[in-house]
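Heads up, the thing below is written out as structure tokens.
The values are calculated or read from the model by the stated rules, or taken from the named source; none is laboratory data. Model, not experiment: these values are computed from the prediction. Counting neighbours? That spans all protein chains shown, and the Cβs are built from the backbone with ideal geometry, glycine included. When the accessible area is computed, the model is the full protein with side chains, heavy atoms only, and any ligands, DNA or RNA have been set aside. Shrake-Rupley method; radii C 1.70, N 1.55, O 1.52, S 1.80 Å.
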Amino acid sequence: MRRIRNGCTLAAIVACLALSAGCSAESSTGVDDYDLLIVNGRVLDGTGNPWFRADVGVQGDRIVAVGDLRGARAKRVIDATGHVVAPGFIDLHTHSDLSVLEDGNAESKVRQGVTLDVIGEGSTVAPRDGLPVEESERHAGVVVDWTTLAEYFERLESGGTSINIVSWVSAQQVQLVVKGYETRPATRQELERMRELVAREMDNGAFGLIARFESGGPQFPDEIMAMAKVAAEKGGIYATHLGSEGFEQDKELDWAIRVAEEAGLPVHIFHFKIRAQENWGTIGKYIEAVEAARARGLEITANQYPYTAMSHPWANFFPLWIREGGPEAFAERLRDRSNWEKVRNDESFIRWAKEHGWWEGIVMSRAFHPEQQQYQGMRLSEIAAAREESDPFITLMELMAQADGRVGGIYHAMSEEDTREMMRQPWVSHASDGSALNLDAPGVPHPRNFATNVRVLGHYVREEGVLTLEDAIRKMTSLPAQILRLRDRGQVREGFVADLVVFDPETVGATNSFESPKSYPTGVPYVVVNGVVVIDGYEHTGARPGRALRGPAWTGDAATARAN
């Protein structure tokens, strides 16, 4: 049987569509018409159209009827009176790679209506050819015993997950496999190996290539372009994490547009924003650059999280020279106090520290050294005061040296006005840049892990009116599905996969904050993943019906799944 994308057989799709055409409101056979029936809801179908009153019938993992289904029978009926029925939310930018193995319930995501996470950015799960386990074993309790993306998917599905997973192949991970931590151009043979690894992981199910940069664009652009062209040949997408998002954003955006032109594939930009106070108010010129590129036929889209603070390790704003050679070399240089003043006076450090909010904006979100846990959730200026140190820079260096460079951070460095302006753009989706966590997550994580989607619906739609409810749902559903080329998700539509969320538009919202981020949202009583109810009356059922969705080059042939 010929397979189409995401592993569905053509016969299965035809059967589902035929079934939907034959359904009626009355059961003439005396048996259940549906496995699940959601009645009396206001349907927002994900397209941006106004809501309409309809019932939704589900059989197996498919939506088979949308309309007036009075009199129909079902194994399970959910009464959605006073609620909205929408497609499950698709999070285009996450770091759930290992957390969904650690806890397959994915509660911080599915409880707010997310039914699909996209992983694979930066240092990620595959390829891992020849890499020692400790280099990517970031979460306790996860044993890294795979090499390829296909093997990771097998591991994920064998353990079970409550949400669906899509993955990119990471250019940085490929470079790490081929060159290690050496900062030099690849040889001809190494470049060919990079191309081979990208092709292999595209065949294993990646949806495209993702590249991230420190600041100002790629250090070795020829390598990124060569890998992007392989992704294009395989029908994939190029996604990019802009490194600066501040003083050097022009260079990075120009590079993204160049990839779209030269490699000939769609480009998706991660968490488009402007950071550093002196850059606030300049977001308009970057929007205009994207609009100009789109006007001449280049498919450029972006995503955004609905917060004015970002999150990543403190190491990311340190100069490249002190990080060169990998984590162990970085830790050794941090312990050498003769390097400290060199860091203080480094122009890149000064620029990046500004982009991260300086001492008032830099927060310790997670301490990996036990003696530093008392500082979690505090700004660097507050930590310095608590330690009775007059120079926050010395506090920074002392903490980093003690922790071998491993400190998690949150940075208050963006403006509300820029955030709202970016949110209004029709080609910008909502995405968290977070992970699937539970209430036992360590440290003081960014609240976006638990509340990105519900914050949009509660704060920016209901309270502030920045977006209409219809457009906010479109940006969480059909727009990301379109970006990923998912043909059967992202809409409440007959024949589509039954990823659904039922929420109360009057109460949906976040219950957390930067100070107290670990809490689940309100107003989302039901979430359905692949036809299975996972959140039932606000409770997680323990069901794990999620799947690994494979990308455009995947053939289903096991022979392509192994390292070669």
May I ask you to verify whether ASP97 is of a type outside the set (Phe, Trp, Tyr), in contact with an Asp or Glu (Cβ under 9 Å, 6 or more places away or on another chain) and open to solvent by 20 Å² or more (accessible area, probe 1.4 Å)?
no
VAL454 fails exactly one of the following numbered conditions: (1) touching a helix residue (DSSP H, G or I) at 6+ places or on another chain (Cβ under 8 Å); (2) buried (at least 19 other Cβ atoms within 10 Å of the Cβ). What is the number of that condition?
(1)
Any residue at all in the stretch 109-121 that is surrounded by fewer than 19 Cβ atoms within 10 Å (Cβ to Cβ) and at pLDDT below 95?
no
What number goes with the only condition from (1) farther than 25 Å from LEU176 by Cβ; (2) buried (at least 22 other Cβ atoms within 10 Å of the Cβ); (3) out of contact with any Ser or Thr (no Cβ under 8 Å at 6 or more places or on another chain) that TRP340 does not pass?
(2)
Counting just the residues of the stretch 252-288 that are touching a Ser or Thr at 6+ places or on another chain (Cβ under 8 Å) and among the small types (Gly, Ala, Ser), which one comes out farthest from ARG351 (Cα to Cα)?
ALA256
Among the numbered criteria (1) of a type in the set (D, E, K, R); (2) modelled with pLDDT of 90 or more; (3) within 22 Å of LYS475 (Cβ to Cβ); (4) within 24 Å of the chain's Cα centre (by Cα), which one does ARG366 miss?
(3)
The residue from SER415, SER429 that alone is touching a Pro at 6+ places or on another chain (Cβ under 6 Å), closer than 26 Å to TYR286 by Cβ and open to solvent by less than 10 Å² (accessible area, probe 1.4 Å) is SER429
If I filter the stretch 244-259 down to residues being open to solvent by less than 10 Å² (accessible area, probe 1.4 Å) and either among the basic types (Lys, Arg) or outside any loop (DSSP other than H, G, I, E, B) (or both), which single residue comes out as modelled with the highest pLDDT?
VAL259
Can you tell me which residues in the stretch 260-290 are in a helix (DSSP H, G or I), touching a residue at least 60 places away in the same chain (Cβ under 8 Å) and either open to solvent by 60 Å² or more (accessible area, probe 1.4 Å) or basic (Lys, Arg) (or both)?
GLN277, GLU278
Tell me whether the stretch 189-212 contains one or more residues that are open to solvent by 60 Å² or more (accessible area, probe 1.4 Å) and closer than 30 Å to ILE350 by Cβ.
yes
Yes/no for ARG489 being touching a Leu at 6+ places or on another chain (Cβ under 9 Å), within 20 Å of VAL58 (Cβ to Cβ) and among the basic types (Lys, Arg):
yes
Which of the residues that make up the stretch 311-337 are open to solvent by 10 Å² or more (accessible area, probe 1.4 Å), of a type outside the set (Gly, Ala, Ser) and not in a helix (DSSP H, G or I)?
HIS312, PRO313, GLU324, ASP336
Restrict the check to the stretch 505-524 and report whether at least one residue is in contact (Cβ under 8 Å) with a residue 40 or more places away in the chain and under 30 Å from GLY236 (Cβ atoms).
no
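Rundown of residues vs (1) open to solvent by less than 20 Å² (accessible area, probe 1.4 Å); (2) assigned to a helix (DSSP H, G or I); (3) closer than 30 Å to SER167 by Cβ; (4) in contact with a helix residue (DSSP H, G or I) (Cβ under 8 Å, 6 or more places away or on another chain), yes/no style:
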residue	(1), (2), (3), (4)
PHE349	yes, yes, no, yes
SER365	yes, no, yes, no
GLN373	no, yes, no, no
THR419	yes, yes, yes, no
Could you look through the stretch 291-310, keep only residues that are open to solvent by less than 30 Å² (accessible area, probe 1.4 Å) and more than 16 Å from GLY264 (Cα to Cα), and pick out the one that is modelled with the lowest pLDDT?
MET310
Does the stretch 129-147 include one or more residues that are open to solvent by less than 10 Å² (accessible area, probe 1.4 Å), in contact (Cβ under 8 Å) with a residue 24 or more places away in the chain and in contact with a Leu (Cβ under 6 Å, 6 or more places away or on another chain)?
yes
Filter result for ILE535 (farther than 21 Å from ASN105 by Cβ and at pLDDT 95 or above):
no
Quick one: how many residues across the stretch 67-94 are among the charged types (D, E, K, R) and either touching a Phe, Trp or Tyr at 6+ places or on another chain (Cβ under 9 Å) or surrounded by 20 or more Cβ atoms within 10 Å (Cβ to Cβ) (or both)?
4
Give the stretch 501-527 a look and list any residue that's aliphatic (A, V, I, L, M) and more than 20 Å from the chain's Cα centre (by Cα), or say none.
VAL502, VAL508, VAL524
Which residue pairs have Cβ atoms closer than 9 Å, lie 6 or more positions apart in sequence or on different chains, and pair a first residue in the stretch 411-425 that is within 27 Å of VAL444 (Cβ to Cβ) with a second residue that is open to solvent by 20 Å² or more (accessible area, probe 1.4 Å) and in a strand (DSSP E or B)?
TYR411/SER311; TYR411/HIS312; HIS412/ARG379
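Filter the stretch 441-458 for residues that are part of a helix (DSSP H, G or I) and within 12 Å of SER513 (Cβ to Cβ) and give the result.
ARG448, PHE450, ALA451, ARG455, listed by residue number.
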Close pairs from the stretch 104-126: first closer than 14 Å to LEU500 by Cα and outside any loop (DSSP other than H, G, I, E, B), partner among the aromatic types (Phe, Trp, Tyr) and at pLDDT 95 or above, Cβ under 9 Å, at least 6 apart:
LYS109/PHE89; LYS109/PHE450; VAL114/PHE89; THR115/PHE89; LEU116/PHE89
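If you scan the stretch 375-396, which residues turn out to be at positive phi and either part of a strand (DSSP E or B) or open to solvent by 50 Å² or more (accessible area, probe 1.4 Å) (or both)?
Result: GLU388, single match.
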